[in-house]
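**Q** Got a structure for you, questions after.
The values are calculated or read from the model by the stated rules, or taken from the named source; none is laboratory data. A quick note: this is a predicted structure, and the numbers were derived from the prediction, not measured. Virtual Cβ from ideal backbone geometry, glycine too; neighbours counted across all protein chains shown. Please note that ligands, DNA and RNA were not included when accessible areas were found on the heavy atoms of the full protein model with its side chains. Shrake-Rupley method; radii C 1.70, N 1.55, O 1.52, S 1.80 Å.
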Amino acid sequence: MNWHGNSAPSSSSATANSFPSSEEDFLIKQLLLAHDPDGRWLDSELLISAMENVMSSSASHRSNVEEAVEWKDEDSIAIAGSEETLGQILWKISSEVFVGKGNQHCRTMALFDLLGSYRWDAKVALVLASFAASYGQFWLINQLHHDIPLASSIAMVKQLPRELIMLRPRFKALNLLFKTMVDVTKCIIKFEGLPLRHVKLDVEPIGTTKLSIYVAAYWVVRSSLSCFSLVADLTAMKPEKVYSNATAVAAWEMLSMESRLSRILHHLSGPVHLCHRRIELKMNQKLPTLFWEEHHDNQDVLEMFLALKDNLSLKEPSTKSKLGVTELKDKVVILLISKPQLLPLDELLLLVHQTYGHPHHKEFEAKYRVVWVPVTESDHWTETERERFSILSNSLPWYSLNRPWELHSSVVNFIRLAWQSRADPAMVVLDSKGAMTNLNAMDMVLIWGANAFPFSAVREQELLAEQKHLTLQLLVDEIDPLLAKWVEEGRNICIYGSENLDWINELNTKAREIMSCGIQLEMVYVGSSNLISENVGKTSDIIHQTIHRNLLSSTKVRFFWLRIESLRRSKLQQGGRLRTDHILQDVSALLQHHDDGNDKGGWIAIGRGTAEEIVRLEGRKAIELLSKVHEWGENVGKKGFLGAIRASVQVPKPLLILHPAEPCSHSVMIPYGKGQQQQPKGNMLCEKCRRVMKPYVVYK
């Protein structure tokens, strides 16, 4: 058969017809007998990109340091699931090519036997990479031997040809052939990356395309032998042979190979593109219902969503190792959807603190994982976005996608439409079965940290329902260990905020008077809700130097306000109403207190322990309250410090009640007191009995 000779078979290619010829059928059977993949995985696209850089530099015939491609740690190419390194398998391939015996078909099949454990795309990518490495070594020595003695010595020992002008036709033919080989390989990679396990297509077109893939892979590998022969000739060619007809013949053979591969590519690219398009359409139909369907576990969901192209789609930050979605089996998974820049630094630090730095994290650590899924606004990642992602993903404690720019286009579009309609990041929660339980758990994580496990919308409702009023525990949570300890111990704590130094000094003077009476009180300054104000930092420094030690750093002060903002958002999203929700009233008042240093003062929130409701006052009322310690201080022994203050604050409010002169069930209540409605002038008639009503003052 022609397969065993040096010439190409004359029969039609499987890529051109629906069914292979008898010769191709025999070849395909041989290829499939040698094909025994064992699950090892190679990033073929990254390897192809590296090869193209090598060939591009070689084709330029010059060495330019400024134009050199920077090789980064995250671009390292490893063979997952294999004990042999990339360098070892490339050496085995080149050894097989240079010492192998038999005709081209036998040598080609020997390479397929050697690479039987790899996928089809990896087979051809590895063979091309082995050639590119050998070819690149020749040109590296050729480019450097004029300037570097070591390169000059190696060129002399290898007896490399000095004059290459007569070899230019062969080099041009090789570059043209290699480019076509790469194009065919990319087409194979595109097909091998289709999620056929998760999205089923018609059997016949897929089967026919697979046959074409096998034949295409064969001809890419076989064509590489012609390329390898040039490298062998360059290291063993005598000077007189450089000018012989052998160069023209070799160039013609390469061009013949290139012509065959071009035809294969022409017939293969159409079916592959069609399969890709059909997969995309089915993906677009399946994704909207994926998280609402019943699944045995979360693996099918995560594989379809995260691992369509790469079985090792996750990166573990501490070891930088690549992991599969099997690491997430039977766990609650939080998909952190964001842009590559993620969050402002303060919010990012708080999110890290509330997940992996939270005291309850150890309790739930084995039950959930956060996976960062960055998505760009455009369809292409810029170099800046890639660098930013690389820095953050290597620094943060969460899992992240290994190469998020390779996320399937259908998944990216679904994220943009369904989950990222606004610019803010979202934390989408999937339970251990892959069902979506919370569209955005960001606020609940910032408020309660790991204690919010399993982070479902139902859990958020439960946590909010447990809180009837604003307490110190809810106000500060675990943003600072010492403050959390004070809350747990039941200490009296006064949290205050202002940028007015006069008011702050007066407040702390009154606080010291209270302490001098033997009442324990801790003062904690939290600045202002205006986080970008420069006055807050200056005021904090002055307080620390002249009044009292600042318990909270500037970062933890920002944590405090970010949690308050999250608490308000969470309340509003759960249907809280300002008129009836006491917690919403308190946090809204704190956030809406604008203090520019020129008004009458700030605010205080006095509380004790984990359960008692805080007492919140603003401006002069706070100073006046603390000034009257001689009045309410007598009740501290009976009611406790907080109870005594609350009793002093809750002064009975007068109400004017109007009753008819004679018995009637109807009455009218009117707020009565300073600044409110006064007693009505003249007589008022009852709306029911039309009798004159008499006023009475009562206290609420």
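**Q** Using a 1.4 Å probe, what is the accessible area per residue for the range 443-519, in Å²?
**A** Here the residues of the range 443-519 average 37 Å² of exposed surface.
**Q** What FRET efficiency, computed as 1/(1 + (r/R0)^6) with R0 = 25 Å and r the Cβ-Cβ distance, is obtained for residue 394 and residue 80, rounded to the nearest 0.05?
**A** Using R0 = 25 Å, I get an efficiency of 0.85.
**Q** Gap in Å between the Cα centre of the range 96-131 and the Cα centre of the range 377-421?
**A** Going from one Cα centre to the other spans 35 Å.
**Q** Where does each of 170, 107 land when they are ordered by accessible area, with a 1.4 Å probe and the largest first?
**A** Sorted by accessible area, descending: 107, 170.
**Q** Now a separate question. Using a 7 Å offset from the Cα along the Cα-to-Cβ direction at both residue 329 and residue 516, what is the distance between the two label points in nm, to one decimal?
**A** In this crude spin-label approximation the distance works out to 7.0 nm.
**Q** Of 258, 52, which has the most accessible area and how do the rest follow, probe 1.4 Å?
**A** The residues order as 52, 258, largest area first.
**Q** How much of the accessible area of the range 475-592, in percent, comes from carbon and sulfur atoms when a 1.4 Å probe is used?
**A** The value for the range 475-592 is 46 percent carbon and sulfur by accessible area.
**Q** Related question: Working with all protein chains in place, sort 147, 431, 477 by solvent-accessible area computed with a 1.4 Å probe, largest first.
**A** From most exposed to least exposed: 147, 431, 477.
**Q** Right, something else. Leaving out ligands and nucleic acids, and using a 1.4 Å probe, what accessible area per residue does the range 357-401 come to in Å²?
**A** Per-residue value: 51 Å².
**Q** While we're on this one: Give a residue-ordered list of calculated ³J(HN,Hα) values for the range 125-136 (Karplus: 6.51 cos²θ - 1.76 cosθ + 1.60, θ = phi - 60°; whole Hz; x for Gly, Pro).
**A** 5, 5, 5, 5, 5, 4, 5, 4, 5, 5, 5, x
**Q** Same structure, new question: Taking Cα centroids, how far is the range 284-352 from the range 461-490 in Å?
**A** 31 Å
**Q** OK, next. What residues have an amide H closer than 5 Å to that of residue 527, excluding those fewer than 5 places away on the same chain, when H is modeled at 1.01 Å from N in the peptide plane?
**A** It is 498, by chain and number.
**Q** Taking 0.36 nm per residue of sequence separation and subtracting the Cα-Cα distance, how much length would be gained by fully extending the chain between residue 621 and residue 592, in nm to one decimal?
**A** That pair, residue 621 and residue 592, stretches by 8.7 nm at full extension.
**Q** For the ranges 79-87, 289-297, what's the packing order if you count other beta-carbon atoms within 10 Å of each residue, average per peptide, and put the highest first?
**A** Sorting 79-87, 289-297 by mean packing, highest first, produces 79-87, 289-297.
**Q** Select from the range 373-407 those GluC sites (Glu not before Pro) which occupy a DSSP coil region and have at most 11 other Cβ atoms within 10 Å, ordered by residue number.
**A** Filter output for the range 373-407: 377.
**Q** Given H placed on each backbone N at 1.01 Å, which residues far from residue 453 in sequence or on other chains put an amide H within less than 5 Å of it?
**A** none
**Q** Give me, ordered by chain and number, the residues 5 or more places off residue 79 or on other chains with an amide H under 5 Å from its own placed amide H.
**A** So residue 79 has HN proximity to 86.
**Q** Also, I was wondering about something else. Convex hull over the alpha-carbon atoms of the range 498-541: what's its volume per residue in Å³?
**A** It is 66 Å³ per residue.
**Q** Provide the FRET efficiency to the nearest 0.05 for the residue 647-residue 501 pair, computing r from the beta carbons and using R0 = 30 Å.
**A** 0.45
**Q** To the nearest 10 Å², what's residue 304's accessible area with a 1.4 Å probe?
**A** Only protein atoms counted, so the area is about 0 Å².
**Q** Once phi is turned into ³J(HN,Hα) by the Karplus curve 6.51 cos²θ - 1.76 cosθ + 1.60 with θ = phi - 60°, what whole-Hz value does each residue of the range 608-615 show in order, with x for glycine and proline?
**A** 8, x, 9, 10, 6, 6, 6, 10
**Q** Right, another one. What ³J(HN,Hα) values, in whole Hz, does the Karplus curve 6.51 cos²θ - 1.76 cosθ + 1.60 give for the range 249-255 when θ = phi - 60°, with x put for Gly and Pro?
**A** In residue order, the calculated couplings are 5, 4, 5, 5, 4, 5, 5 Hz.
**Q** Using a cut-off of 13 Å between beta-carbons, work out the net charge of the residues near residue 480 (Lys and Arg +1, Asp and Glu -1, residue 480 not included).
**A** +1
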